[in-house]
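See structure below.
The values are calculated or read from the model by the stated rules, or taken from the named source; none is laboratory data. On a predicted model such as this, the values are computed, not experimentally measured, just so you know. For neighbour counting, all protein chains shown are included, and Cβ atoms are generated from backbone atoms with ideal geometry for every residue, glycine included.
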Amino acid sequence: MNYKLIFSFVLILLTGKGFSQSLNEDSAEDLSTVNGIIHSLYDVISGPVGQDRDWNAFRNLFAEDARMYIAVPDKDSGSVLKFITPEDYAERNKTRMADIGFNEEELYRITNSYGAGTQVFSTYESHFTNKNGEEEITKGINNIQLYFDGQRYFIVSIFWDANAKNIEVPDRYLPKNKNTEYQINL
(Lines give C-alpha, C1' and ligand atoms only; values in the text may rest on other atoms or scores of the structure.)
Protein backbone atom coordinates (compact mmCIF):
# COMPACT_ATOMS: atom_id res chain seq x y z
CA MET A 1 0.00 0.00 0.00
CA ASN A 2 2.91 2.36 0.74
CA TYR A 3 4.26 1.68 -2.76
CA LYS A 4 0.98 2.79 -4.33
CA LEU A 5 0.99 5.96 -2.25
CA ILE A 6 4.62 6.73 -3.13
CA PHE A 7 4.01 5.94 -6.81
CA SER A 8 0.95 8.25 -6.86
CA PHE A 9 2.92 11.03 -5.18
CA VAL A 10 5.83 10.71 -7.64
CA LEU A 11 3.40 10.64 -10.58
CA ILE A 12 1.72 13.85 -9.36
CA LEU A 13 5.10 15.56 -8.93
CA LEU A 14 6.27 14.57 -12.40
CA THR A 15 2.99 15.60 -14.00
CA GLY A 16 3.04 18.94 -12.20
CA LYS A 17 6.66 19.56 -13.19
CA GLY A 18 5.96 18.76 -16.83
CA PHE A 19 2.94 21.06 -16.82
CA SER A 20 4.85 23.96 -15.29
CA GLN A 21 7.70 23.52 -17.78
CA SER A 22 5.28 23.64 -20.69
CA LEU A 23 3.81 26.88 -19.32
CA ASN A 24 7.28 28.39 -19.02
CA GLU A 25 8.20 27.23 -22.51
CA ASP A 26 4.98 28.71 -23.91
CA SER A 27 5.63 32.12 -22.37
CA ALA A 28 9.33 31.97 -23.32
CA GLU A 29 8.31 31.16 -26.89
CA ASP A 30 6.69 34.61 -27.18
CA LEU A 31 10.08 36.11 -26.35
CA SER A 32 12.10 33.88 -28.67
CA THR A 33 11.83 36.34 -31.56
CA VAL A 34 12.57 40.04 -31.92
CA ASN A 35 8.95 40.54 -32.99
CA GLY A 36 7.72 38.74 -29.90
CA ILE A 37 9.68 40.76 -27.36
CA ILE A 38 9.01 44.11 -29.06
CA HIS A 39 5.27 43.38 -29.31
CA SER A 40 5.29 42.24 -25.66
CA LEU A 41 6.97 45.47 -24.57
CA TYR A 42 4.38 47.69 -26.29
CA ASP A 43 1.47 45.46 -25.24
CA VAL A 44 2.38 45.36 -21.56
CA ILE A 45 2.62 49.14 -21.13
CA SER A 46 -0.52 49.89 -23.19
CA GLY A 47 -4.11 49.88 -22.09
CA PRO A 48 -7.24 51.95 -21.60
CA VAL A 49 -8.10 54.17 -18.64
CA GLY A 50 -8.70 52.04 -15.57
CA GLN A 51 -6.77 48.98 -16.76
CA ASP A 52 -3.88 47.96 -14.52
CA ARG A 53 -0.73 46.88 -16.30
CA ASP A 54 0.90 43.48 -15.75
CA TRP A 55 4.12 44.71 -14.15
CA ASN A 56 5.38 41.15 -13.56
CA ALA A 57 5.18 40.51 -17.31
CA PHE A 58 6.97 43.85 -17.84
CA ARG A 59 9.80 42.89 -15.45
CA ASN A 60 10.15 39.51 -17.19
CA LEU A 61 11.13 41.25 -20.44
CA PHE A 62 14.36 42.64 -18.99
CA ALA A 63 17.82 41.20 -18.35
CA GLU A 64 19.24 41.40 -14.86
CA ASP A 65 20.69 44.89 -14.25
CA ALA A 66 18.88 46.32 -17.31
CA ARG A 67 18.54 50.09 -17.54
CA MET A 68 16.17 52.59 -19.09
CA TYR A 69 17.66 55.92 -20.19
CA ILE A 70 15.68 59.09 -20.78
CA ALA A 71 16.86 62.39 -22.26
CA VAL A 72 14.93 64.92 -20.18
CA PRO A 73 14.58 68.58 -21.24
CA ASP A 74 16.77 70.95 -19.22
CA LYS A 75 16.56 74.74 -19.46
CA ASP A 76 20.32 75.18 -18.93
CA SER A 77 21.82 72.52 -21.17
CA GLY A 78 19.09 71.44 -23.59
CA SER A 79 18.73 67.97 -22.09
CA VAL A 80 20.02 65.81 -19.27
CA LEU A 81 20.39 62.03 -19.33
CA LYS A 82 18.55 60.20 -16.54
CA PHE A 83 18.44 56.48 -15.94
CA ILE A 84 16.04 54.23 -14.10
CA THR A 85 15.68 50.50 -13.64
CA PRO A 86 12.68 48.60 -14.99
CA GLU A 87 11.59 48.25 -11.35
CA ASP A 88 11.73 52.06 -10.92
CA TYR A 89 9.66 52.44 -14.10
CA ALA A 90 7.04 49.95 -12.86
CA GLU A 91 6.82 51.67 -9.47
CA ARG A 92 6.51 55.16 -11.01
CA ASN A 93 3.83 54.06 -13.42
CA LYS A 94 1.96 51.56 -11.25
CA THR A 95 -1.23 53.62 -11.40
CA ARG A 96 -0.28 56.51 -13.68
CA MET A 97 -0.63 54.60 -16.97
CA ALA A 98 -4.05 53.28 -15.99
CA ASP A 99 -5.07 56.81 -14.96
CA ILE A 100 -4.16 58.39 -18.32
CA GLY A 101 -5.07 55.51 -20.63
CA PHE A 102 -1.59 55.23 -22.14
CA ASN A 103 -1.31 53.33 -25.44
CA GLU A 104 1.89 53.00 -27.43
CA GLU A 105 2.22 51.17 -30.73
CA GLU A 106 5.14 50.53 -33.02
CA LEU A 107 4.95 52.17 -36.46
CA TYR A 108 8.26 51.16 -37.99
CA ARG A 109 11.42 49.32 -37.03
CA ILE A 110 15.04 49.10 -38.13
CA THR A 111 16.81 46.07 -36.69
CA ASN A 112 20.50 45.19 -36.71
CA SER A 113 21.88 42.00 -35.17
CA TYR A 114 25.29 40.52 -34.58
CA GLY A 115 25.84 37.40 -32.49
CA ALA A 116 23.79 37.55 -29.29
CA GLY A 117 23.16 41.30 -29.62
CA THR A 118 20.37 43.09 -31.45
CA GLN A 119 19.81 46.83 -31.80
CA VAL A 120 16.23 47.94 -32.53
CA PHE A 121 15.34 51.48 -33.60
CA SER A 122 11.57 51.37 -33.00
CA THR A 123 9.41 54.31 -34.09
CA TYR A 124 6.31 54.58 -31.91
CA GLU A 125 3.12 56.55 -31.58
CA SER A 126 1.72 57.18 -28.09
CA HIS A 127 -1.87 58.13 -27.22
CA PHE A 128 -2.74 59.34 -23.72
CA THR A 129 -4.83 61.84 -21.79
CA ASN A 130 -2.87 64.95 -20.77
CA LYS A 131 -3.29 67.06 -17.60
CA ASN A 132 -6.10 69.03 -19.25
CA GLY A 133 -8.11 65.87 -19.98
CA GLU A 134 -7.38 66.04 -23.72
CA GLU A 135 -6.05 63.20 -25.84
CA GLU A 136 -2.45 63.78 -26.82
CA ILE A 137 -0.55 61.96 -29.58
CA THR A 138 3.23 61.80 -29.67
CA LYS A 139 5.63 60.06 -32.05
CA GLY A 140 9.16 59.17 -31.07
CA ILE A 141 11.83 56.49 -31.23
CA ASN A 142 12.70 53.83 -28.68
CA ASN A 143 16.33 52.76 -29.04
CA ILE A 144 16.25 49.17 -27.68
CA GLN A 145 19.19 46.81 -27.10
CA LEU A 146 18.41 43.10 -26.85
CA TYR A 147 20.37 40.07 -25.71
CA PHE A 148 19.58 36.56 -27.03
CA ASP A 149 20.63 33.72 -24.73
CA GLY A 150 19.87 30.98 -27.27
CA GLN A 151 16.31 30.53 -25.98
CA ARG A 152 14.78 33.98 -25.73
CA TYR A 153 15.45 37.69 -25.96
CA PHE A 154 15.95 40.02 -22.99
CA ILE A 155 15.89 43.81 -23.05
CA VAL A 156 19.27 45.12 -21.89
CA SER A 157 18.45 48.81 -22.27
CA ILE A 158 15.97 51.26 -23.71
CA PHE A 159 16.75 54.89 -24.51
CA TRP A 160 14.19 57.51 -25.53
CA ASP A 161 13.90 61.28 -25.64
CA ALA A 162 11.22 62.58 -23.26
CA ASN A 163 10.93 65.70 -25.43
CA ALA A 164 9.58 63.68 -28.37
CA LYS A 165 6.53 65.89 -28.92
CA ASN A 166 8.89 68.73 -29.86
CA ILE A 167 11.06 66.64 -32.20
CA GLU A 168 9.79 65.58 -35.60
CA VAL A 169 10.55 61.97 -36.52
CA PRO A 170 12.59 61.94 -39.77
CA ASP A 171 10.91 60.28 -42.77
CA ARG A 172 13.54 57.53 -42.87
CA TYR A 173 12.18 56.25 -39.51
CA LEU A 174 8.53 56.26 -40.62
CA PRO A 175 6.64 53.64 -42.65
CA LYS A 176 7.54 53.89 -46.33
CA ASN A 177 3.98 53.25 -47.50
CA LYS A 178 1.76 55.86 -45.83
CA ASN A 179 -1.27 53.60 -46.40
CA THR A 180 0.33 50.85 -44.31
CA GLU A 181 -0.43 51.18 -40.61
CA TYR A 182 2.36 48.86 -39.53
CA GLN A 183 5.56 48.14 -41.41
CA ILE A 184 8.78 46.63 -40.15
CA ASN A 185 12.13 46.81 -41.88
CA LEU A 186 14.03 43.65 -40.91
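Selection of segment 43-74 for residues being of a type in the set (Lys, Arg) and either free of Cβ contacts under 8 Å to residues at least 60 places away in the same chain or out of contact with any Phe, Trp or Tyr (no Cβ under 6 Å at 6 or more places or on another chain) (or both) yields ARG53, ARG59. Scan segment 90-99 and give yes if some residue there is surrounded by fewer than 17 Cβ atoms within 10 Å (Cβ to Cβ) and assigned to a strand (DSSP E or B), otherwise no. Looking through segment 90-99, none of the residues is surrounded by fewer than 17 Cβ atoms within 10 Å (Cβ to Cβ) and assigned to a strand (DSSP E or B). For ALA162, all conditions in the list (1) closer than 20 Å to VAL72 by Cα; (2) in contact with a helix residue (DSSP H, G or I) (Cβ under 7 Å, 6 or more places away or on another chain) hold save one; what is the number of the exception? Only one criterion is unmet by ALA162, namely (2). Checking each residue in segment 42-70 for being over 16 Å from LEU31 (Cβ atoms), in contact with a Ser or Thr (Cβ under 9 Å, 6 or more places away or on another chain) and of a type in the set (Phe, Trp, Tyr) picks out only TYR69. In the set (1) without any contact (Cβ under 8 Å) to a residue 24 or more places away in the chain; (2) among the polar types (S, T, N, Q); (3) assigned to a strand (DSSP E or B), the condition left unmet by ASN132 is number (3). Step by step: first the residues of segment 139-186, then only those that are modelled with pLDDT under 90 and of a type in the set (Val, Ile, Thr), then the one that is surrounded by the fewest Cβ atoms within 10 Å (Cβ to Cβ). Which residue is that? Looking at the filtered set, the residue picked out is THR180. Counting the residues of segment 29-56 that are surrounded by 15 or more Cβ atoms within 10 Å (Cβ to Cβ) and in a helix (DSSP H, G or I) gives 14.
Number of residues in segment 100-119 that are in a strand (DSSP E or B) and over 19 Å from ASP65 (Cβ atoms) equals 12. Tell me whether segment 96-110 contains one or more residues that are among the hydroxyl-bearing types (Ser, Thr, Tyr) and within 24 Å of SER79 (Cα to Cα). Taking every residue of segment 96-110 in turn, none turns out to be among the hydroxyl-bearing types (Ser, Thr, Tyr) and within 24 Å of SER79 (Cα to Cα).
Condition test on VAL49, is it of a type in the set (A, V, I, L, M, F, W, C) and farther than 15 Å from ASN142 by Cα? In short, yes. Only one of the numbered conditions (1) farther than 17 Å from LYS165 by Cα; (2) among the β-branched types (Val, Ile, Thr); (3) touching a residue at least 24 places away in the same chain (Cβ under 8 Å) is violated by THR85, and that is (3). The listed residues are SER79, SER40, and the only one of them that is of a type in the set (S, T, N, Q), in contact (Cβ under 8 Å) with a residue 60 or more places away in the chain and farther than 20 Å from ASN130 by Cβ turns out to be SER79. Filter segment 148-166 for residues that are among the polar types (S, T, N, Q) and over 12 Å from ALA116 (Cα atoms); which is farthest from the chain's Cα centre (by Cα)? Only one residue fits best here, namely ASN166.
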